Structure formats: structure tokens, C-alpha cells
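Undergrad: First, the structure itself, so that you have it in front of you.
The values are calculated or read from the model by the stated rules, or taken from the named source; none is laboratory data. Given the structure is predicted, the values throughout are model-derived calculations rather than measurements. Here the Cβ positions follow ideal geometry from the backbone for every residue, glycine too, while neighbour counts run over all protein chains shown.
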Amino acid sequence: MHGSNSLSQIFYRPIEAAIRWAGLLKYQHNILPEMTPSRHLPERLDCPRWGELRLCTDRIYDAIVNGELPYGRDGITLNDPALWDSPDLTIRHIDLKRWMRDHYPEQRPRFLFSRRERLVHPAITLETGHAMLIERQALRVQLEHCRRDLRSIQELYDSLSRQRETVSAPNQCPLSDRAESTYLHIIGSLLELMLGHSPSGVPYSSFKTQEAIVSALIANHSGIMGITERTLNGKFASARRKIRSAIS
């Protein structure tokens, strides 16, 4: 069992449990050869998140020494302090899971808890869940509004595209100030929403900056008239100034 790379086991040595707790199982073959019989890990080791691994190990041994976590040898529970520095010291899976649920309820490592158990987080109260549900409904409403606005913009774009195809360039009528303001208000509102956050800080979209939106538009619609970095940045800047001026 010792040194096994399987995620969940019947029992673990403290270092094996700490490695899994810290999410470093893929580095186990590098870590275990560096271990000494002592329960104290080296101060430094060429391994990611070494400090986190040492903390997990210290927490496990602290629980053992203080009688919070049952331990034994080769999976057999014993109460023998002589095992504390023994390489044969083991902790049973069910004892470790019970201890972590009691003392670190916010922790849900994969080797101890199923996916369903990790999703049902004990720190989420009924009130918090209800608030999250209300916020989710509000986000769905806002998303539907965005979709409607997007459809409106698409319809406007399609209409303008058809006009461009049927009317020669010299005879085209310039866009009225009212129509241009309408388009800029719609574009500016969508930009502010896509780059904004809900009252609790949840982003409305995956886009973080205007540049990211421009890049996505160019990647998906390059070659279409107006879909260039210079034109988009210019129009977006005008739209955002227009909507902020209208709101203030």
C-alpha cells in the first residue's frame, strides 16, 4: 500500500494523506524518496506548493498527537505513541474523513469525498442558498435581456447590410443623428453589461476587457465590413462615452 498512486485507499501513511490533501499525488514519486523516518518534513524541496504540503502534514500529526485522529500500524488501529515517528504509522480512510469533516469542514479533498459530497458544501446555509437562487434568477433575466438586445442589433445589422447591397454607395443617405445615437446607446449598454458584475461581484460574462471582446469579434467575423480592430475600438469608445453621458 505504501507509495501507491491510487487516489483513495483503505489507509494511508500521514505523508501519503498529506500529498493527496495538497493535490500533489502526481509528485508522490519525487516526494517519498526524500522523506526521513522523522515526522518533520525538510524545510525545502523542489516541489510545487511545498509549504502547503508541510502544513497538511503538520495538521495530521498534530491531530494524532492530541488524540483527535485515530492511528495505528498497517491499517490496524492502535494507541501506541511509539508509532508517531515510525514509517509504519497509518491512518484509516474513514477516520481521516471523519476528522476532516469535524475539524476542517471547508475542506473537501477528492481522495476522501465524492463529487456529490464536494458539491454539497456545509458552509452554504439555507439563507445563503436562497440568496444565491434569487441572484441566479436575476442573472437569467438579465441574460435574456442581453439576448433580446443582441437580436435587435443583429436585425439592425442585417437590415443595414441589405440596404447596402441594394443602394449604391454614392446614393446612400447618411445615418441620422437620432438613429446613430440609438445604435450607440444599444452598443454601449451591451458593452457595460458584458464587462460588468452583479451586486455580489459575479461577472455577467467571461469577457474582462473591451480588447477581449474586440479579439473575439475579429476571430469569429473577420472579413465583414466594420469588423476590424481600429473600427471596433473607435465605435465601442464612442458608444461607451455616449451611454455614460446619457446616464449621468
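Undergrad: Find all pairs meeting these conditions: Cβ atoms under 6 angstrom apart; at least six residues apart or on different chains; first residue within region 103-132 and in a loop (DSSP other than H, G, I, E, B); second residue among the basic types (Lys, Arg) and modelled with pLDDT of 85 or more.
TA: So the pair list comes out as Phe111/Arg20; Leu112/Lys97.
Table: residues versus (1) surrounded by 11 or more Cβ atoms within 10 Å (Cβ to Cβ); (2) modelled with pLDDT of 85 or more; (3) outside any helix (DSSP H, G or I); (4) assigned by TED's automatic domain parsing to the domain that holds Trp21.
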position	(1), (2), (3), (4)
Glu43	no, no, yes, yes
Cys56	yes, yes, no, yes
Tyr61	yes, yes, no, yes
Gly67	no, yes, yes, yes
Ala82	no, yes, no, yes
Pro87	yes, yes, yes, yes
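Undergrad: Considering only residues that are more than 28 Å from the chain's Cα centre (by Cα) and at negative phi, which ones fall in region 189-230?
TA: Result: His221, Ser222, Ile224, Met225, Ile227, Thr228, Glu229, Arg230.
Undergrad: Could you count how many residues in region 42-66 are over 19 Å from Arg13 (Cα atoms) and among the β-branched types (Val, Ile, Thr)?
TA: 0
Undergrad: Determine which single condition Ile224 fails, assuming it passes every other condition in (1) under 17 Å from Asp149 (Cβ atoms); (2) of a type in the set (A, V, I, L, M); (3) surrounded by fewer than 14 Cβ atoms within 10 Å (Cβ to Cβ).
TA: (1)
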